[in-house]
Amino acid sequence: MANIIEQIREEHGNMAKLLDALERQVTVFDGGGRPDYEIVEGVVDYFLDYPDRCHHPKEDLVARKIVSGAPARNRETAVLRKLEAQHEELGILTRRFHRFVHRVLDEAELPRRDFVRAATEFISSQRHHMRMEEEHFLPLAEATLSRSDLAALDSELFTDSDPLMDPDTNARYAILRDAILAWEADARR
């Protein structure tokens, strides 16, 4: 079983794939076409649910362990505060983008450029946040935490798996997973 740091990285990879899938659909929409709204809605529903329920709590466990292990230096404290603030901001952006998606699905009057701008902001913010975690937070965790710290964290983990890659997941995420796997297969050819 992967340790908590490896799990966080794997989940970032899954989230990046979802953002790529969403970006494809936004490009179709921006070009005047009809995107696959099941994919759009599935991506936004995933980001409304999984990160706050499972992913961010893992990161919070790691952050608390970093702080409890030794007096935090200024750099560590700044990274951890930024992480917490970005989680809150991402929640706000995700709920805002969710409202945009449902306005489009409800066929409300909404200029395409407003939807595309909201989608682009959502995608960009998510990617920026994961990049910050990959470049600053996770290396800090690896440099700060011992093997016994990681083992203690692993024992605290909950068992909810990432619904995107879980074969027993519901139909909405299965559609997303199948689309991503098909795109990856096309890219390999």
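The values are calculated or read from the model by the stated rules, or taken from the named source; none is laboratory data. In this text, all values refer to a predicted model and were calculated from it rather than measured experimentally. Cβ placement follows ideal geometry from the backbone for every residue including glycine, while neighbour counts extend to all protein chains displayed. To get the accessible areas, we keep the full protein, side chains included, count just its heavy atoms, and leave off ligands, DNA and RNA. Shrake-Rupley method; radii C 1.70, N 1.55, O 1.52, S 1.80 Å.
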Using alpha-carbon coordinates, inclination of helix 171-188 to the longest axis of the chain, degrees: 90
Under the Karplus curve 6.51 cos²θ - 1.76 cosθ + 1.60, θ = phi - 60°, whole-Hz ³J(HN,Hα) for the stretch 50-59, x wherever Gly or Pro sits: 4, x, 6, 7, 10, 6, 4, x, 5, 5
Calculated FRET value between Arg189 and Glu6, using beta carbons and R₀ = 45 Å, to 0.05: 0.95
Accessible heavy-atom area order of Leu93, Leu181, highest first, probe of 1.4 Å: Leu181, Leu93
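Run lengths n ≥ 4 of DSSP H only: what is the helix-derived mean residue ellipticity at 222 nm for the chain, with -39500 (n - 2.57) per run over all residues, to the nearest 500? Don't skip to the end; give the middle numbers.
Working: 8 runs with 143 residues, N = 189.
Rounded to the nearest 500, it is -25500 deg cm²/dmol.
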Intensity falloff of the stretch 1-145 expressed as log10 I(q)/I(0), Debye formula with alpha-carbon point scatterers, at q = 0.16, 0.17 Å⁻¹: -0.84, -0.91
Using alpha-carbon coordinates, inclination of helix 4-30 to the longest axis of the chain, degrees: 20
Arg24 versus Asp36: modelled label distance in nm, points set 7 Å from Cα along the beta carbon direction: 0.6
Among Gly91, Gly13, Gly33: highest mean-square fluctuation, GNM of the chain, C-alpha pairs under 10 Å: Gly33
